[in-house]
Amino acid sequence: MHEELLARLPLFQNLEPSSRQALDAHVQPLSLSRGEVLFHAGDEALGLYVLATGKVKLTKPSRQPQPTVAITRKGRPTIPTPRESLLSLIGPGEMFGELSVLDGGNRSTTATAMLDCRLYHIPREPMLQLIHEHHDISSAMMHQMAHRVRVSNEIISGLVLSDVPGRMAYLLLTLGERFGVPTERGTEVHHDLTQAELAQMVGASRETVNKVLTDFAGRKWITMSGKSVVIRDEARLRARID
Ligand code: CMP
């Protein structure tokens, strides 16, 4: 029933027809509205998800205690923003939720729809059976997991070795590779992230991120507009990483 749609997803593009049919028997389509939380870190895992359209963010709450409500000089309470880090974005054709399917643990992150999304859910038991019986399904999953470890390693080494502008340059280029569209003005990237979310991805404050982006824009390396950016000088950004 969903076979044709599954075949169009990068994750399942190279599957044997028999594997696609086997998957098709178990997939359950679902949709999420923008802002909806699909699961929270620590939840019991029910299955694996593959995103068809939209964008999902994966966040991890901080282990540090939440800031307490402070009272401003005008006597108004300031609402503390929950501390969390934004680990990754999931785009169309990518899977998530495989960790707990494979190791039987709980969800390692919270998953929230950043836009209206269409997804496929495959419950845990049939998914494990599909992995055992169809080597092309397990190999497609391992390929995506290996790629994620590479990306995570880059991010970790960036956090240790680079300053915030270096980390931001790396993030912009990575977002460009994943979500960018070439235009006459440069690579247009609709990342759909607020500056606070960009800050959560590079481990800095929103104010610092704002300063860095304004500096990049002043140098004409990027043009900012809302939740999009145009990468105008990829070479300079790349040079800024090191
Ligand atoms: P699971 O722990 O079942 O639920 C949360 C999912 O987020 C997890 O499986 C992975 O699919 C995904 N995930 C966790 N950490 C990362 C990461 N660093 N990069 C990309 N995806 C991740």
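Please go through the stretch 121-153 and give me each residue that is in contact with a helix residue (DSSP H, G or I) (Cβ under 7 Å, 6 or more places away or on another chain), among the charged types (D, E, K, R) and more than 18 Å from Pro17 (Cβ to Cβ), ordered by number.
Answer for the stretch 121-153, where residues must be in contact with a helix residue (DSSP H, G or I) (Cβ under 7 Å, 6 or more places away or on another chain), among the charged types (D, E, K, R) and more than 18 Å from Pro17 (Cβ to Cβ): just Arg124.
Filtering the stretch 146-188 down to residues that are among the basic types (Lys, Arg) and either within 21 Å of Met224 (Cα to Cα) or more than 16 Å from the ligand (Cβ to nearest atom) (or both), which residue is surrounded by the most Cβ atoms within 10 Å (Cβ to Cβ)?
So, considering only residues that are among the basic types (Lys, Arg) and either within 21 Å of Met224 (Cα to Cα) or more than 16 Å from the ligand (Cβ to nearest atom) (or both), the one surrounded by the most Cβ atoms within 10 Å (Cβ to Cβ) is Arg167.
Six or more apart or on different chains, Cβ under 8 Å: which pairs go from a residue in the stretch 38-51 that's touching a residue at least 40 places away in the same chain (Cβ under 8 Å) and assigned to a strand (DSSP E or B) to one that's within 8 Å of the ligand (Cβ to nearest atom) and charged (D, E, K, R)? Could you list them?
Cβ pairs passing all conditions: Phe39/Arg107; Leu48/Glu98.
Enumerate the strands (runs of 3 or more DSSP E) found wholly within the stretch 84-136, keeping only those where 1 or more residues are of a type in the set (Gly, Ala, Ser).
So the answer is 84-90, 110-113.
Tell me the residue from Thr174, Thr214, Thr194 that is within 21 Å of Thr112 (Cβ to Cβ), of a type in the set (S, T, N, Q) and free of Cβ contacts under 8 Å to residues at least 24 places away in the same chain, please.
Residue meeting the stated conditions: Thr174.
What is the residue count in the stretch 90-104 for residues that are surrounded by 19 or more Cβ atoms within 10 Å (Cβ to Cβ) and near the ligand (Cβ under 8 Å from one of its atoms)?
So the answer is 7.
Residue by residue, here is whether (1) of a type in the set (Phe, Trp, Tyr); (2) at pLDDT 90 or above; (3) assigned by TED's automatic domain parsing to the domain that holds Arg124; (4) under 17 Å from Ser138 (Cβ atoms) holds:
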| position | (1), (2), (3), (4) |
| --- | --- |
| Ala7 | no, no, yes, no |
| Ser18 | no, yes, yes, yes |
| His26 | no, yes, yes, yes |
| Leu32 | no, yes, yes, no |
| Gly35 | no, yes, yes, no |
| His40 | no, yes, yes, no |
| Leu51 | no, yes, yes, no |
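Could you tell me which numbered condition Leu99 fails, if it satisfies all but one of (1) at pLDDT below 95; (2) touching a Ser or Thr at 6+ places or on another chain (Cβ under 8 Å)?
Only one criterion in (1) at pLDDT below 95; (2) touching a Ser or Thr at 6+ places or on another chain (Cβ under 8 Å) is unmet by Leu99, namely (1).
The values are calculated or read from the model by the stated rules, or taken from the named source; none is laboratory data. Owing to the predicted nature of the structure, the values given are computational and were not obtained by experimental measurement. Virtual Cβ from ideal backbone geometry, glycine too; neighbours counted across all protein chains shown.
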